[in-house]
Structure formats: C-alpha cells, structure tokens
Amino acid sequence: MSAIAAADPGATRLDAAAAALAEALARVTVEVRSAGARGRDRPGAAGGSLGAGVVWHPDGLILTNAHVARGDVSVVLSDGLARPARLIARDRERDLAALLVDADGLPAALIGDSSGLRVGELVLAVGNPFGLARALSAGLVHAVDRRGIQADLRLAPGNSGGPLADARGRVVGLNTMIAGGLAIAVPSEVARAFVREQLRARERRGG
Amino acid sequence: MDALLSLSNDLAAAVEHAAPSILAVHARHRLPSTGIHWRPGIVVTAEHTVRTEDTITVTAADGRTLPATLAGRDRGTDLAVLRVPELTAVAATLGDDSSLRIGHMVLALGHGPRASWGVISALGPRWRTWRGGDVDRLVRLDLVMYPGFSGGPLVDVSGRVIGLNTSGLARESRLALPVGTVSRVTDELLRQGHVSRGYLGLGMQPVTLPEPLRARLGLPRELGLIVVTVQAGGPAERAGILLGDVLVALDGAPVSGLDDVQARLGGDRIGTTVTALVIRAGSRVEAPIAVGEQPRRRA
C-alpha cells in the first residue's frame with residue numbers, strides 16, 4: 001500500500017477543498033496593469049505596474065489598491081482578455097480604488113464580514129506576485145487592529161489589490177502591503193463603505 | 001470546502017483556548033515579550049527578554065497589568081520564571097512531549113493574541129544549547145517568529161501548549177523548548193532561583209595539537225583545550241591543574257571544545273569526581289577533579 005493511499009482520507013478532502021477554493025478565488029481576481037505606477041510595483045521591462053484586483057460586482061465594478069491604479073489602467077479578467085478600465089474613484093488614505101470595465105455578468109466575489117475574523121483562522125490570498133498570474137498563498141489571521149487585517153502569509157508586490165479570503169472563499173480584505181513579514185489587508189468592511197460612498201456620490205452627480 | 005472550514009475553525013479555536021494563558025511581559029525597553037501562565041501564579045518567559053529585575057510587570061489576557069517578581073533565570077535554557085500572585089485566569093493546558101511528530105501543524109502565539117502558523121520541521125534527541133543548557137529534545141519549527149513572540153507558547157491544533165518558543169537559542173532556525181524541559185527548569189528555578197551546573201574553575205580555549213604529539217600520545221582529536229586561567233582555590237587548582245596544561249579528555253571521553261566539557265558537567269555531577277587527562281610538557285597527566293558548583297553570576 002502506498003503512503004498516499006494509507007494517508008488519512010480527511011487530508012485528501014482538505015486538499016480538494018483548498019484546490020476548489022483557490023479556483024473559485026482565481027475566477028474573481030483580475031490583473032491590474034497601470035502605466036502611471038512608480039516604485040516597487042513596476043515590473044521593469046514590461047512597463048507599467050502589475051497588481052491585482054477583485055471583481056466586486058458582475059456589471060464590471062473592480063476594486064483594487066489606490067497605489068496600483070495610477071494613470072491609464074487596464075485589467076485582465078479570468079478569461080485572459082485585457083480590457084481598458086475607467087478609474088472611477090481613488091482614495092489614497094484607505095489605499096482603495098474603484099475601476100469600471102465595460103462588461104456584465106462577470107463572476108463576482110462573495111464579500112465576507114471582516115469584523116467577524118478570528119485570530120488563527122485560515123486565509124488565502126490570490127494575486128500576481130512577481131508577475132505570476134493568480135498565484136495562491138495560504139496563511140492565517142495574525143491579528144486584527146487599527147492597521148487593518150494582519151495575516152501570517154507570504155505576499156509579494158504583485159499581490160497588491162488582490163483578495164484575501166476566508167476558508168469559505170468569502171473576500172474579507174484587499175491585500176495592500178507587506179510589513180515586518182506580515183501581509184496587511186484593507187478590511188472588506190472598509191472596502192464596502194468605500195463602494196457605498198462612491199455609489200452615493202455618483203447618484204448625487206447623476207452618474 | 002467543509003474540510004478547509006473545519007481546519008480553519010479548529011485553528012481559531014486553538015488560539016482562543018490558549019489565549020487566556022498568554023501574557024505580555026514588560027521586562028525590557030519598548031518591545032514586550034510573551035509569557036505563558038504555566039501554573040497558577042507562575043509565568044515562564046524567555047530569559048533573554050528579561051533585561052530588568054526590578055520593575056517587571058505583565059499584562060494578562062484580560063487587559064490587567066500586574067506586578068511580577070523574578071523567581072529565577074537560567075541563561076542555559078533561556079528560561080525565566082516570574083511569580084505573579086494576582087494572576088487569576090486558568091493556567092495553560094500542557095501537552096505531552098512524547099506526542100510530538102514531524103509534520104504536525106502548530107501555532108506560535110504572541111501576546112495579543114497574535115498567531116503564526118507552521119509545522120514541526122525536525123525533532124532530535126537531547127541537546128545542549130550554546131549557553132550550556134540541557135534540553136530534553138530538539139524541536140525545530142518551520143514558521144515565522146514575529147517580534148515579541150519569544151517566550152510565547154507553541155500550541156497544537158487543539159490549543160494545548162507543547163513548547164515555549166524562543167529566538168534566543170539559535171540565530172537561523174526556530175526552536176521551541178519542550179514542555180518537560182520548561183517544567184523541569186521551572187521547578188529548579190522556583191526551588192533555588194538558579195539551575196545548578198558543574199564547575200571546574202578553568203578558563204580554556206581550543207588549540208591545535210601537533211600531529212607528532214598526537215601520534216606519540218595516541219590522541220584521537222586534532223584539537224585540545226589549553227588552560228588560560230585557573231580559578232584560585234577552585235576545583236581544578238586543588239587538583240593540581242596548571243596554566244598551559246592542554247585538556248584532551250574527561251572521564252576517558254575526548255574533549256575538543258567547551259561544549260564537550262559542559263556536556264560532562266551537568267548539575268548531577270556536582271560533588272562527584274571527574275578524571276581530567278591533560279598534556280603537560282609533552283606527556284599525559286591524569287588528574288581527578290572534585291566537581292564544584294558553578295558560582296552564581298549576578299546580572
């Protein structure tokens with residue numbers, strides 16, 4: 001009997017669950033390319049920055065980090081096609097930006113409640129670290145405080161703007177930076193509030 | 001996705017189970033370290049994080065800051081024991097060293113609580129730290145030790161404490177002291193405030209032995225330890241050891257480094273006799289030394 005066959009069937013169920021979740025998360029993650037970016041997000045020869053974003057709404061609303069979306073922005077959806085995106089809101093304070101692509105029926109993320117996060121629970125991140133499309137990292141909630149969600153999870157610059165999801169696959173944050181080896185994410189509650197404010201402002205403008 | 005969710009819930013529950021016994025220890029400038037409520041009123045932490053002995057406080061999981069007194073410290077195993085009489089929460093649930101397995105999923109926890117996730121990457125036999133402490137078992141971890149995590153618990157997926165994490169015993173790898181070692185050292189520190197170690201009263205440093213001398217005297221190792229100081233009135237001086245003697249064996253076991261000497265001078269050797277083989281003027285000389293107790297150094 002092989003070692004694998006002898007292993008606890010629970011472990012293979014765990015693998016299958018993790019793989020299914022990774023796939024679901026990759027579908028709602030986009031690559032964000034931005035011509036105006038500077039610094040560490042610039043991938044060099046390719047030109048422009050490479051970050052990630054989350055499909056927030058099926059009709060083309062995408063959330064990412066403000067530091068990822070600068071200047072002319074395009075996104076690559078999970079179908080592999082690049083589309084121009086309109087930067088409709090940007091908040092440097094919260095490091096959030098809202099993009100709109102001309103599409104509908106997109107696979108949108110399930111948004112979780114970041115206020116219910118427990119220290120020690122599993123979290124998964126998907127992004128484009130080192131330009132690697134939709135790579136997965138797994139870790140757990142390290143702490144939740146005024147800086148946002150801190151996760152014991154390995155990120156790289158191309159993860160910026162991508163989803164941090166719980167074990168149910170619900171997006172609980174947007175990965176924003178790496179500090180002291182920890183992943184720092186903007187909580188989904190903050191992102192939700194940002195989206196609400198922007199929609200209200202657009203309504204007032206009649207947009 | 002239920003398997004993943006149940007693992008996630010188990011990990012979060014493990015943190016919640018252990019959290020009431022985790023404290024912040026304020027015994028150095030700025031960055032507090034972590035302590036474990038090991039027994040009622042007794043907190044253990046990493047010795048290297050205790051820089052002051054006068055005004056130590058701990059912050060319990062309930063947020064109360066309480067006065068603590070240092071019961072004892074052992075540089076060898078990097079353990080310090082504090083008495084915190086006002087501590088009311090339950091002490092940690094301690095696991096069993098014999099249940100540790102390579103690959104077990106573990107959490108390192110810091111005060112807050114804060115969590116770090118990883119696995120037991122290697123287990124080894126009894127070992128001696130570079131500071132001369134005896135550790136029952138080598139427990140090496142693959143996880144990130146964040147600032148302030150030293151002194152905190154290593155817990156299993158059910159939240160039982162299976163070790164004390166410290167970055168003070170190895171620069172590169174992450175190590176935990178197993179529960180048995182922490183309890184043993186804690187007992188000794190509570191009883192007498194320090195851990196007893198055998199003592200010869202010698203200062204030595206390694207020297208290369210010339211090949212012809214090794215061949216003539218039948219010495220297996222290239223290195224010996226040359227005596228550079230002899231404590232006046234100490235065990236070695238009473239046994240007639242002289243400056244310039246080169247120690248090559250203790251009780252027949254070759255020694256070529258200070259670790260080898262420390263390894264033969266555990267607390268249980270105090271009062272017994274160890275036979276030192278030294279090279280003096282090109283000849284072998286055997287000297288029985290009555291092992292003393294290491295004098296306590298004040299920090």
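See the values below:
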| read-out | value |
| --- | --- |
| The range B:153-189, residues that are among the aliphatic types (A, V, I, L, M), under 16 Å from the mean Cα position of the chain (by Cα) and not in a loop (DSSP other than H, G, I, E, B) | B:154, B:162, B:164, B:175, B:176, B:177, B:179, B:182, B:185, B:189 |
| Set B:18, B:12, B:108: member being out of contact with any strand residue (DSSP E or B) (no Cβ under 7 Å at 6 or more places or on another chain), buried (at least 20 other Cβ atoms within 10 Å of the Cβ), within 13 Å of chain A (Cβ to nearest Cβ) and hydrophobic (A, V, I, L, M, F, W, C) | B:12 |
| Which numbered condition residue B:64 misses (of (1) touching a residue at least 40 places away in the same chain (Cβ under 8 Å); (2) more than 22 Å from the chain's Cα centre (by Cα); (3) within 26 Å of residue A:147 (Cβ to Cβ)) | (1) |
| Some residue of the range B:134-152 being under 14 Å from the mean Cα position of the chain (by Cα), buried (at least 19 other Cβ atoms within 10 Å of the Cβ) and free of Cβ contacts under 8 Å to residues at least 40 places away in the same chain | yes |
| Scope the range B:253-273; condition touching a residue at least 60 places away in the same chain (Cβ under 8 Å) and of a type outside the set (D, E, K, R); matching residues | B:261, B:262, B:263, B:265, B:266, B:267, B:270 |
| Selected residue [β-branched (Val, Ile, Thr) and modelled with pLDDT under 95] from A:88, A:62 | A:88 |
| Residues satisfying the stated conditions in the range A:145-167, i.e. out of contact with any helix residue (DSSP H, G or I) (no Cβ under 8 Å at 6 or more places or on another chain) and touching a residue at least 40 places away in the same chain (Cβ under 8 Å) | A:161, A:162, A:164 |
| Sole residue being under 30 Å from residue A:165 (Cβ atoms) and either under 26 Å from the mean Cα position of the chain (by Cα) or within 14 Å of chain A (Cβ to nearest Cβ) (or both), chosen from B:24, B:46, B:3 | B:3 |
| Residue check, residue B:18 assigned by TED's automatic domain parsing to the domain that holds residue B:92, in a strand (DSSP E or B) and touching a residue at least 24 places away in the same chain (Cβ under 8 Å) | no |
| Among the residues listed as A:116, A:71, A:105, A:80, the single one being without any contact (Cβ under 8 Å) to a residue 24 or more places away in the chain and over 18 Å from the mean Cα position of the chain (by Cα) | A:116 |
| Yes/no for residue B:233 being outside the structural domain of residue B:35 (by TED's automatic domain parsing) and at positive phi | yes |
| Selection from the range A:161-181 of residues that are at the interface with chain B (Cβ under 9 Å from one of its Cβ atoms) and not aliphatic (A, V, I, L, M) | A:166, A:168, A:169, A:180, A:181 |
| Every residue from the range B:239-252 that is touching a residue at least 40 places away in the same chain (Cβ under 8 Å) and out of contact with any Leu (no Cβ under 7 Å at 6 or more places or on another chain) | B:239, B:240, B:245 |
| Entirely in the range A:73-160, the strands (runs of 3 or more DSSP E) that have 1 or more residues that are within 14 Å of another protein chain (Cβ to nearest Cβ) and among the aliphatic types (A, V, I, L, M) | A:122-127, A:135-145, A:148-152 |
| Residue among B:74, B:97 that is surrounded by fewer than 19 Cβ atoms within 10 Å (Cβ to Cβ) and in contact (Cβ under 8 Å) with a residue 60 or more places away in the chain | B:97 |
| Residue B:236 vs. criteria touching a Leu at 6+ places or on another chain (Cβ under 7 Å), touching a residue at least 24 places away in the same chain (Cβ under 8 Å) and within 20 Å of residue B:25 (Cβ to Cβ) | no |
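Residue by residue, here is whether (1) more than 13 Å from residue B:12 (Cβ to Cβ); (2) crowded, with 24+ Cβ neighbours inside 10 Å; (3) out of contact with any Leu (no Cβ under 6 Å at 6 or more places or on another chain); (4) of a type outside the set (A, V, I, L, M) holds:
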residue: A:126; (1), (2), (3), (4): yes, yes, no, no
residue: A:131; (1), (2), (3), (4): yes, no, no, yes
residue: A:134; (1), (2), (3), (4): yes, no, yes, yes
residue: A:138; (1), (2), (3), (4): yes, no, no, no
residue: A:143; (1), (2), (3), (4): no, no, yes, no
residue: A:146; (1), (2), (3), (4): yes, no, yes, yes
residue: A:149; (1), (2), (3), (4): yes, yes, yes, no
residue: A:156; (1), (2), (3), (4): yes, no, yes, no
residue: A:165; (1), (2), (3), (4): yes, yes, no, no
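One line per residue, one yes/no per condition, for (1) in the same structural domain as residue B:280 (by TED's automatic domain parsing); (2) touching a helix residue (DSSP H, G or I) at 6+ places or on another chain (Cβ under 6 Å); (3) at pLDDT 95 or above:
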{"position": "B:182", "(1), (2), (3)": "no, no, yes"}
{"position": "B:204", "(1), (2), (3)": "yes, no, yes"}
{"position": "B:217", "(1), (2), (3)": "yes, no, no"}
{"position": "B:237", "(1), (2), (3)": "yes, no, yes"}
{"position": "B:247", "(1), (2), (3)": "yes, no, yes"}
{"position": "B:252", "(1), (2), (3)": "yes, no, no"}
{"position": "B:255", "(1), (2), (3)": "yes, yes, no"}
{"position": "B:261", "(1), (2), (3)": "yes, no, no"}
{"position": "B:265", "(1), (2), (3)": "yes, no, no"}
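The values are calculated or read from the model by the stated rules, or taken from the named source; none is laboratory data. Bear in mind the structure is a predicted one, so any value in this text is a computation, not a measurement. Cβ sites come from the backbone with ideal geometry, for glycine too, and all protein chains shown count toward neighbours.
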